[in-house]
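The values are calculated or read from the model by the stated rules, or taken from the named source; none is laboratory data. Quantities reported herein were computed from a predicted structural model and do not represent experimental measurements. As a convention, Cβ positions derive from the backbone with ideal geometry for all residues, glycine included, and neighbour counts pool all protein chains shown.
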Amino acid sequence: MRLTSFTDYGLRMLMRMANAPEQSFSTAEFAEEFGLSRNHLAKIVQHLSRAGLIRTRRGGGGGAVLARPPAQIRLGDIVQSLEAGHPLVECLGAEGGDCTLDGRCLLKGRLRMAEAAFYAELNRSTLADVAIAGALRMPGSGG
């Protein structure tokens, strides 16, 4: 299983925020830290806000803060929210995909169980368990 870059950066943002849950973080700060566009990160912030994981505030002193204490936010729930719309395989999607084996496939049920086990294992940990301090180093950034 490979997570999308959307999920990867969403997790990185939340891990950073979990280290200082009372601090407000701007997309500009994350853009500089990750070397990504503010526009891309703004989409992630918007998703995290709609999912109830963060709260945002505009203007001076604005930015994003965690909506709940890091110890109350489960990793599996985060990943499941960020990966919504990106099924493990096409046939597990909301539309069911275009499967020529439909009705005869013995793999789909096993994949669903494996996916559920993946999220359950992640949910054994919270954001507090993976909080990180300081700026994140991106691959190839010399750190």
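Points worth noting:
- Ala64 vs. criteria touching a strand residue (DSSP E or B) at 6+ places or on another chain (Cβ under 6 Å), modelled with pLDDT of 75 or more and assigned to a helix (DSSP H, G or I): no
- Wholly enclosed helices (runs of 4 or more DSSP H) of the stretch 4-59 bearing at least 1 residues at negative phi, crowded, with 17+ Cβ neighbours inside 10 Å and basic (Lys, Arg): 5-19
- Restricting the stretch 36-62 to residues that are within 18 Å of the chain's Cα centre (by Cα) and small (Gly, Ala, Ser), the residue that is farthest from Leu11 (Cα to Cα): Ser37
- Matching residues, the stretch 115-132, being more than 18 Å from Ala84 (Cβ to Cβ) and either surrounded by fewer than 12 Cβ atoms within 10 Å (Cβ to Cβ) or of a type in the set (Gly, Ala, Ser) (or both): Ala117, Glu121, Arg124, Ser125, Ala128, Ala131
- Pairing residues of the stretch 20-39 that are touching a residue at least 12 places away in the same chain (Cβ under 8 Å) with residues that are part of a loop (DSSP other than H, G, I, E, B) and surrounded by 15 or more Cβ atoms within 10 Å (Cβ to Cβ), at Cβ distances under 7 Å and at least 6 apart in sequence or on separate chains, gives Glu33/Leu136; Phe34/Leu136.
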